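The next block holds one structure in the form of structure tokens; read it before the comments.
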Amino acid sequence: MNKRDFLRTVGGASLGLAFGPELLRAYAHVPAAALAEDEAFWASVRGKFTLTPDYINLENGFYCFQPEEVLAEFIKNVRAINVEASHYMRTRQGDDKLRVRTKLAALAGCGPDELIITRNTTESLDTVINGFEWKPGDEAVMANQDYGAMIDMFKLQARRHGMVNRFVDIPMDPKSDDEVVQVYAAALAPKTRLLMIPHMVNITGHILPVRKICDMAHARGVHVMVDGAHAYAQLDYKIPDLGCDYYGASLHKWLATPLGAGILYVRKDRIAGLWPIFGDEGPGVDDIRKLNHTGTHPVHTDLTIERSIAFHEMIGSARKEARLRYIQQYWTNRVRGLPKIVMNTPADPARNCAIANVGVRGIAPGDLAKTLLDKYKVWTVAIDGAGVHGVRVTPQVYTSTAELDTFVRALKELAS
């Protein structure tokens, strides 16, 4: 029996099964790459989400709503805390949040003494940028393609402390890892203290060779901070294996938690060197909790992360990454190279996963996004800056190939 026949047999048998342990047992021996192409399996995953009939949602990179079981858990947590109120907050909140933080740390491959729960990537990385004791003439290096909120924080430090920011441009379609590494290496100078890099470029989906960049920077005495907003729970990896000093990510994107959840990882030996944004005399100077003074906080969001992790792990990191790679290539392979189509994502499949960016010559990104929604009922987001002109496309595990067929037809019509 060949792979396609096997998948057809198992997939057909699974049509009567809802996504859950029983279905996963039926697929236990199917390799992740093969399972990525089985529409019956992923249709069962899709059944866990409530989707709007008004449009095809290809903009999950900003925020992916929760599957129904996670949403139900969130509502249950809201109600439970609302009943107990201050009694819960003063007696059990700390232990419950530590339990969730420990599970997040396990998913990230680090200890809970190196990770805190934040509201999003911006808060995480701005905590690091602001935490440096900058002196006049100190330098930081970043890319024009980095997220604007962090660039703004660096500019604030420049105005406040007299430090200097250096910018590079990330190659759009590099031929090798070394090409990317050398772009950053050329920008480092004796006064460079911090290098910020994206794990995955948010506007193009380009995955950078993080470990190689970190090794290069560390050899020159430079700390590395990684923007992992789109990598955490999209790619299958462990943060310490990247070799970075600081790592921030959002959880309401690819982990599909409630809005307002993120993480900050700080390597144990780097914690003492960071100043907290808010004063808190409780934690010691080398305790990562000093960076996490939140005041009274909507803890029900944090508690629901536990259920999001369970849903993610039920699918499996390797299966999820394989599916996201497959559905991105499913549509990009059908339009890449066509007249008037501009792909702003690397051609090498090893350099991308779910996210891709596409433009149509002669159509402004804003007009392209509007036409896709108004005429074809496909929701994307326009990107028009930092050398990238197109719409960002971010499908999720619930996205079907039939929906992507609609998107491909739209692109072909618009390009014709």
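Before we move on, is Asp384 over 22 Å from the mean Cα position of the chain (by Cα) and either crowded, with 17+ Cβ neighbours inside 10 Å or acidic (Asp, Glu) (or both)? Let's see the steps before the verdict.
Details: over 22 Å from the mean Cα position of the chain (by Cα): no; either crowded, with 17+ Cβ neighbours inside 10 Å or acidic (Asp, Glu) (or both): yes.
When the stated conditions are applied, Asp384 does not pass them.
Return yes when Asp302 is more than 28 Å from Arg392 (Cα to Cα) and part of a loop (DSSP other than H, G, I, E, B) and no when it is not. When the stated conditions are applied, Asp302 does not pass them.
Would it be correct to say that Gly248 is within 24 Å of Lys135 (Cβ to Cβ) and touching a Ser or Thr at 6+ places or on another chain (Cβ under 6 Å)? Please lay out each step first, then the result.
On the way: within 24 Å of Lys135 (Cβ to Cβ): yes; touching a Ser or Thr at 6+ places or on another chain (Cβ under 6 Å): yes.
Judged against the criteria, Gly248 is a match.
Listed by first and then second residue, the pairs linking a residue in the stretch 62-76 that is free of Cβ contacts under 8 Å to residues at least 24 places away in the same chain to a residue that is of a type outside the set (Val, Ile, Thr) and not in a helix (DSSP H, G or I), with Cβ atoms under 7 Å apart and 6 or more places separating them unless they lie on different chains, are Glu68/Lys48; Glu68/Phe49. Of the listed requirements (1) closer than 30 Å to Pro190 by Cβ; (2) surrounded by fewer than 21 Cβ atoms within 10 Å (Cβ to Cβ), Thr91 misses just one: (1).
Quick one: is Phe62 at pLDDT 95 or above, under 30 Å from Val358 (Cβ atoms) and aromatic (Phe, Trp, Tyr)? Taking the combined requirement at face value, the residue satisfies it.
Answer with yes or no whether Asp126 is buried (at least 19 other Cβ atoms within 10 Å of the Cβ) and in a helix (DSSP H, G or I). Yes: the conditions hold for Asp126.
Out of the stretch 339-388, which residues are of a type in the set (A, V, I, L, M, F, W, C) and on the phi > 0 side of the Ramachandran plot? Give the derivation first.
At the first step, the residues of the stretch 339-388 found to be of a type in the set (A, V, I, L, M, F, W, C) are 341-343, 347, 350, 353-356, 358, 360, 363-364, 368-369, 372-373, 378-379, 381-383, 386, 388.
Within the stretch 339-388, just Ala386 meets the criteria.
Residue count for the stretch 235-273, restricted to those that are of a type in the set (Asp, Glu) and either within 25 Å of Phe311 (Cβ to Cβ) or within 14 Å of the chain's Cα centre (by Cα) (or both): 2. If you take the residues in the stretch 358-381 that are in contact with a Phe, Trp or Tyr (Cβ under 9 Å, 6 or more places away or on another chain) and over 21 Å from Asn333 (Cα atoms), which one is surrounded by the most Cβ atoms within 10 Å (Cβ to Cβ)? For the stretch 358-381, the residue satisfying everything is Leu373.
The values are calculated or read from the model by the stated rules, or taken from the named source; none is laboratory data. Every value quoted in this text rests on a predicted model; they were computed, and no experiment measured them. Here Cβ is always computed from backbone atoms with ideal geometry, including for glycine, and neighbour counts include all displayed protein chains.
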